[in-house]
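The values are calculated or read from the model by the stated rules, or taken from the named source; none is laboratory data. Predicted model, so just to flag it, every value in this text is computed and none were measured. Methodologically, a virtual Cβ is constructed for each residue, glycine included, from the backbone with ideal geometry; neighbour enumeration extends over all protein chains shown. Accessible surface is based on the protein model in full, side chains and every heavy atom, while ligands, DNA and RNA are left aside. Shrake-Rupley method; radii C 1.70, N 1.55, O 1.52, S 1.80 Å.
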Amino acid sequence: MARSSRSSSHRWRYVSPSYYLKRPKRLALLFIGFVAVTFLVWDRQTLTRDYEEEVQKLHEELTRLQNQLAELKLKAEENSVDVQRRQKVKEAMLHAWTSYEKYAWGQDELRPQSKDGVNSFGGLGATLIDSLDTLFIMGLDEQFQKAKEWVVTSLDFNKNYDASVFETTIRVVGGLLSAYDLSGDKVFLEKARDIADRLLPAWDTPSGIPYNMINLVAGNPHNPTWTGHESILADSGTEQLEFIALSQRTGDPKYQQKVEKVITELRKNFPADGLLPIFLNPHSGSSSSYSTITFGAMGDSFYEYLLKVWIQGNKTAVVKHYREMWETSMKGLVSLIRRSTPSSFTYICEKNGDSLSDKMDELACFAPGMLALGSMGYGPGEREKMLTLAEEDMSVGTSWNILRPETVESLFYLWRLTGNKTYQEWGWNIFQAFEKNSRTESGYVGLKDVRSGDKDNMMQSFFLAETLKYLYLLFSPPSVISFDEWVFNTEAHPLKIVTRQDQGENKGEPERKQQPPLRFRSRKEGRTATN
């Protein structure tokens, strides 16, 4: 026991300062050893820092080379005709924007004939917000920055106004989120959250089917009297992209939960043909069997969003049911297809009960683009069948033209997905017709009748948000706002695709890391794809 105690004391003497004070040589050796170890550690840390700095430099060089490669690819993909046409569309956008800036700045829409503005959406600056991403994509930086400054200093949602939940979502929430995704500037995200919070009480119904109108100050939701106080299918099923994106970017799941409950409710009794009447009861969640089934007004974008939420989630198992519902609805769409005689134009009928009506409004012209986009998710055979249907000529029985985007939208999708330049030619013909018949000294106007050329007095905000953007992209390389990275909402606002993994993905999730903003090219050319 004593030997063990002595052995332990012998070992511990080397940690006693008095041991070294009595033995200077050993103290010196200890000091030298300490200095050597310190130098070794310091040297290793220095090497690590140098290594990290070198890696950072290599990463920056790689990014620079990738940018150069992207530039070369863009130049290789382009031809001089596309460049010239794109520039003409950009000039048209600049004319529309400067007219709005001069005569209707901050108001919802410009009236070119009377050279003033009108607040058709409650004074939320609809044209300005709708135009943000178009300005950014076209490289109109000066105009974009001025518009952003208005958003920062003047955009106020505290208005005693009964807003359309649908229109406010697709134009304002969608426009702000797109500007955020493109630029990375959080002011747009903050504003999107502000207006979304004001809209959210509309979903507080027994079924989760939202009311379609809400007062932005009082938060009182209701449905218009002309619908019999029913909710509209398109208005209720066309907020999913925007509110899911908002939850992803803020980490707050409440927005996504509200809008996905709508789909859960509709899925409970989803019909075998996937076709729903345009009126829904917000209390019971049931559809009104007496109402019309249509791919036109009040029905259209519900079907569009079934497909696009699947794309937005990067086509994972979590969003598979959206795709399944969409494919079911496409079987129903095929049952409504008819062809005129003797011209053999294709059109989509409307249905009421068991009766079909030979009517197709201009809003339904989005369908070819939707079919083309969705065809890529089918297997061989069915894919070609759907794409062939998308490529058939469609005829609309209306004589007016208010610069709507649906036909150009379909041409854009068909060109992107087939590479057939015929669609570019058709788009160019449409643009030239706009320039000839709808351009005025103070903006662009619609035509009350295309046969007489009689003009109206409104430059719709969607002309800048959708029509001109789709035309610009129709003559841009496919890498600009690539389908692999972006999905367009129904107002043509591109939103970043974010892979969805599981149902609890957003609970407590921090704000997702924002991708770098698109890099400027020369003022003439607009922007490239993301770095």
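Miscellaneous remarks
- Rounded tilt (10° steps) of 240-250 against the dominant C-alpha axis of the chain: 20
- The residue list TYR290, TRP486, ILE337 was ranked by how far each Cα lies along the charge dipole of the chain toward its positive end, using unit charges on Cβ atoms, and TRP486 comes out on top.
- From most to least packed by mean Cβ count within 10 Å, the peptides 60-70, 464-474, 93-103, 242-252 give 464-474, 242-252, 93-103, 60-70.
- To put it simply, the accessible area of the chain at a 1.4 Å probe is 53 percent carbon and sulfur.
- Dipole magnitude (debye, nearest 20) for the range 152-214, charges at Cβ of Lys, Arg, Asp, Glu: 40
- Its Cα centre serving as origin, the chain has a Cβ charge dipole (Lys and Arg +1, Asp and Glu -1) of approximately 3240 debye.
- Cβ-placed point charges (K, R +1; D, E -1), dipole of the range 181-303 about Cα centre in debye, nearest 20: 220
- Surface per residue (accessible, 1.4 Å probe) for the range 100-215, Å²: 31
- Dipole-positive endmost among PHE188, PHE166, ILE209 within the chain (Cβ charges, Cα centre): PHE188
- Using equal-weight Cα scatterers in the Debye expression, the normalised intensity of the chain in log10 at q = 0.06, 0.10 Å⁻¹ is -0.35, -0.81.
- Residues TYR255, TYR51, sorted by accessible area with the largest first, give TYR51, TYR255 [1.4 Å probe; ligands and nucleic acids excluded].
- Seen against the Cα atoms of the chain and their longest principal axis, helix 406-418 is set at about 50 degrees.
- Subtracting the Cα-Cα distance of LEU29 and LYS421 from 0.36 nm times their residue separation leaves 132.9 nm of extension gain.
- For the peptides 114-121, 491-498, the ranking by mean Cβ contacts within 10 Å, running from highest to lowest, is 491-498, 114-121.
- Simple spin-label estimate for LYS186 and GLU485 in nanometres, 7 Å along Cα-Cβ: 2.3
- All lysines inside 28 Å of LYS421 as judged from Cα atoms, apart from same-chain residues fewer than 8 positions distant: LYS73, LYS75, LYS88, LYS90, LYS308, LYS385, LYS436, LYS469, LYS496, LYS524
- A 1.4 Å probe, protein heavy atoms only, puts the accessible area of THR292 near 40 Å².
- Karplus-derived 3J(HN,Hα) values for the range 180-194, using 6.51 cos²θ - 1.76 cosθ + 1.60 with θ = phi - 60°, are 5, 4, 6, 9, x, 7, 5, 4, 5, 5, 4, 5, 4, 5, 4 Hz; glycine and proline are entered as x.
- The range 366-376 - phi-based ³J(HN,Hα) in whole Hz, Karplus 6.51/-1.76/1.60, Gly and Pro as x: 6, 4, x, x, 4, 5, 5, 5, x, 4, 5
- THR48 accessible area, 1.4 Å probe, all protein chains in place, Å² to nearest 10: 70
- Sorted largest first, extent of the range 224-282 alpha carbons per principal axis (Å): 36, 30, 14
- Between the range 301-333 and the range 476-505, the Cα center-to-center distance that results, in Å: 14
- In the chain, the calculated helix contribution to ellipticity at 222 nm averages -16000 deg cm²/dmol per residue, counting -39,500 (n - 2.57) for every DSSP H run with n ≥ 4.
- Whether the range 107-193 is rounded, prolate or oblate, judged on the alpha carbon gyration tensor where a/c under 1.5 counts as rounded: oblate
- The residues packed around ASP162, meaning those with a beta-carbon under 15 Å from its beta-carbon, carry a net charge of -1 if Lys and Arg are +1 and Asp and Glu are -1.
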